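Student: Structure incoming, see below.
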Amino acid sequence: MSAWKLRESLETEGGSVRFDRVGTGPPLVLLHGTPFSSVVWRELVDRLQRDWTVFVWDMLGYGSSEKSDGQDVSIAAQTRIFGQLLDHWSIESPAVVAHDFGGAIALRAHLLDRRRYRALALLDPVALSPWGSPFFRLVREHASVFEQLPDYIHEAIVAAYIRNASHRPLADDVMAALSSPWLGDRGRRAFYRQIAQADQRYTDEVQPFYGEIAIPVLILWGEEDRWIEVGRAEELRRLIPDSQVVLVPHAGHLLQEDAPSETAAHISRFLAESRAVG
């Protein structure tokens, strides 16, 4: 995997957030999920930057963005920061592609903060209650205990957690890129901090408004998702008017890594169709 580096930064309410922009054309913003970073979008960026100006960012407390004790890295805080970035970039009505809890952030920004989008693609999103694996709930309830784990145990937990998101084995360099931000004292505290602040109320607040969505919506789901049951895709489709579901075979929750070509093709086709209509 070639080096992935975000070249710009913005000072936000909780610290410095790293971002980048590449390509030409209408604006397209990509939102990663947890416990990942913008690196999961690298292959999609390569494909989409020919037709779109693609904006990527590492959420506060993730990837290359600032990590510090006492940060608010909740879904609500990330939604506010997303709005700051949209203002900083001076873009209105972008197309948005959002994965995992990035989906919750994109939905909150659109429905609660009234941010306009051209189209929205949701990849295995955290969007419907209840959510959170047994491990996720255990850590959330005992985050202060997990923070005290020795490095070798913490590193094993992070690696196993990330691997479980993928249906296929992750290459060593990809594993390193996804796990390294969570290692060391600062990374360890940041890892458990973001889980401790993952509160279902942030999706409960926005879920009643899904029926108001009036833009093209693609719901893309890995058929082998072990984190969020694939049946949630159809449940979400019924709540969002005129949305469409596409299931990706042989892909888990981290479908950008399991099926990068198929994922990019589905998203490219959807965005091209929405661009033609718009």
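Student: List every residue pair whose Cβ atoms lie under 7 Å apart, where the two residues are 6 or more positions apart in sequence or sit on different chains, the first residue falls within the range 26-43 and is closer than 24 Å to S133 by Cβ and touching a residue at least 60 places away in the same chain (Cβ under 8 Å), and the second residue, located anywhere, is surrounded by fewer than 22 Cβ atoms within 10 Å (Cβ to Cβ) and among the hydroxyl-bearing types (S, T, Y).
Tutor: Sorted first by the residue in the range 26-43, then by its partner, the pairs are P35/Y161.
Student: Return yes or no: is R232 surrounded by fewer than 16 Cβ atoms within 10 Å (Cβ to Cβ) and out of contact with any helix residue (DSSP H, G or I) (no Cβ under 9 Å at 6 or more places or on another chain)?
Tutor: Considered against the rule, which asks whether it is surrounded by fewer than 16 Cβ atoms within 10 Å (Cβ to Cβ) and out of contact with any helix residue (DSSP H, G or I) (no Cβ under 9 Å at 6 or more places or on another chain), R232 comes out as no.
Student: For the range 88-117, which residues satisfy the criterion of being surrounded by 19 or more Cβ atoms within 10 Å (Cβ to Cβ), aliphatic (A, V, I, L, M) and touching a residue at least 40 places away in the same chain (Cβ under 8 Å)?
Tutor: Within the range 88-117, A95, V96, V97, A98, A104, I105, A106, L107 meet the criteria.
Student: Let me ask something else. Among the residues of the range 50-61, are any in a helix (DSSP H, G or I), free of Cβ contacts under 8 Å to residues at least 40 places away in the same chain and more than 19 Å from G252 (Cβ to Cβ)?
Tutor: Checking the range 50-61: not a single residue is in a helix (DSSP H, G or I), free of Cβ contacts under 8 Å to residues at least 40 places away in the same chain and more than 19 Å from G252 (Cβ to Cβ).
Student: Next up: Taking the conditions exactly as written (without any contact (Cβ under 8 Å) to a residue 24 or more places away in the chain and within 24 Å of Y192 (Cα to Cα)), does G70 satisfy them or not?
Tutor: Yes.
Student: Since P35 meets every condition but one in (1) more than 16 Å from Q256 (Cβ to Cβ); (2) under 19 Å from the mean Cα position of the chain (by Cα), which condition does it not meet?
Tutor: Unmet for P35, out of (1) more than 16 Å from Q256 (Cβ to Cβ); (2) under 19 Å from the mean Cα position of the chain (by Cα): (1).
Student: Just name the residue that is surrounded by the fewest Cβ atoms within 10 Å (Cβ to Cβ) out of those in the range 242-263 that are in contact with a helix residue (DSSP H, G or I) (Cβ under 6 Å, 6 or more places away or on another chain) and in a loop (DSSP other than H, G, I, E, B).
Tutor: Of everything passing the filter in the range 242-263, S243 is surrounded by the fewest Cβ atoms within 10 Å (Cβ to Cβ).
One line per residue, one yes/no per condition, for (1) within 18 Å of R275 (Cα to Cα); (2) of a type outside the set (D, E, K, R):
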position	(1), (2)
S90	no, yes
A95	yes, yes
H110	no, yes
D113	no, no
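Student: In the range 183-226, which residue that is β-branched (V, I, T) and part of a loop (DSSP other than H, G, I, E, B) is surrounded by the fewest Cβ atoms within 10 Å (Cβ to Cβ)?
Tutor: I213
Student: I need a count of the residues in the range 142-159 that are within 11 Å of R193 (Cα to Cα) and not aliphatic (A, V, I, L, M).
Tutor: Number of matching residues: 4.
We did not get these values from a lab; they are worked out from the coordinates using the rules stated. Quick caveat, the model's predicted, so the values are computed rather than measured. Please note: Cβ atoms are built from the backbone with ideal geometry, for glycine as well, and neighbour counts cover all protein chains shown.
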